Amino acid sequence: MNKRKLLGAVGAAVAIAAVVTSCGDGTTRSRGWEFSRNMYDPIGYNPDQPNANFADGKTAQMPPAGTTPVGFERFPYTSSTADYERAGVELINPLARTEANLAQGEALYQVYCAVCHGPEGHGDGSITKDRTLEAESRQLENFPPPPSYARTDGINSSRGGLMADLNDGKIYHTITYGLNMMGSHASQLSPEERWKVVMYVRELQKK
């Protein structure tokens, strides 16, 4: 048998084998052998799958008591006024006062805070002023202005004391939980970002 006939026979055998192995028996959905099946079948369980490794047969388990999720920082204060005062006594900004941190704090303030508190912290943000929806010629609702941070304005906080005298802990607590019409910003700002905003607000208090 010459090489051409040998190659032809081998090719025909491979083709027949491929056809035979790809055909099912008409009763199953099997497509025959699959290459590297474990490459696309996950070894781990999906959260909603049954799991015999646990007594309750569930994959999704409650985390052990006292554990902290990765990337999560616990804040051991409630939203109460008592814990607001306690935060004011116990918390100090852990970040160093650098030009970079201050610049980042200003940028975050302008994005998340200035719309209400104003670019300079005087409580004159854009949503406190008359605004018209041009497409409908409709006057938009104005929000009451928040108190100014500036010492020269001499405005009191609704929880007592001058806004200019609010310390690190009280400002951080308020950003975390919100107050009055201001909602919590804990989901928008990470703990480190909140401290950077606190750093910038302390600068606004000096004006």
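Only loop residues by DSSP count here, and only those with at most 16 other Cβ atoms within 10 Å; note down the trypsin sites (Lys or Arg not before Pro) in the stretch 30-128 that meet that. Spell out each step's value before the answer.
Working: sites: R31, R37, K58, R74, R86, R97; in loops: R31, R74, R97.
Answer by residue number: R31, R74, R97.
Start at zero, step by 5 Å, and the Cα-Cα distances of the stretch 81-204 spread as 2, 11, 19, 24, 20, 12, 6, 4, 2, 1, 0 percent across the bins.
Put +1 on the Cβ of every Lys and Arg and -1 on every Asp and Glu Cβ in the stretch 81-204; which of H185, H117, Q139 then has its Cα farthest towards the positive end of the dipole? Looking along the dipole axis, the top candidate is H185.
Bridgeable lysines around K206 (alpha carbons under 22 Å apart, same-chain partners fewer than 8 residues away excluded): K170, K196. Cβ-Cβ distance of A65 and L95, R₀ of 41 Å, FRET efficiency by 1/(1 + (r/R0)^6): the value works out to about 0.85. In this simple spin-label approximation, E203 and I127 carry label points 7 Å from Cα along the Cα→Cβ vector, and these lie 2.4 nm apart. Using the Karplus relation 6.51 cos²θ - 1.76 cosθ + 1.60 with θ = phi - 60°, the per-residue 3J(HN,Hα) values for the stretch 111-116 come to 7, 9, 10, 4, 4, 9 Hz, with x marking Gly and Pro. Is the C-alpha gyration tensor of the stretch 162-207 telling us rounded, prolate or oblate? Criteria: a/c under 1.5 is rounded; beyond that, a/b larger than b/c is prolate, otherwise oblate. Oblate. In plain terms, the chain from N53 to K5 could stretch by 11.6 nm, reckoned as 0.36 nm per residue minus the Cα-Cα distance. Note on Y45 and M182: their simple-model spin labels are 4.6 nm apart, each label 7 Å out from Cα toward Cβ.
Here, each number is a calculation from the coordinates, and none is a lab measurement. Everything quoted here is computed from the prediction, not taken from an experiment. Neighbour counts are summed over all protein chains in view; Cβ atoms, including those assigned to glycine, are modelled from backbone coordinates with ideal geometry.
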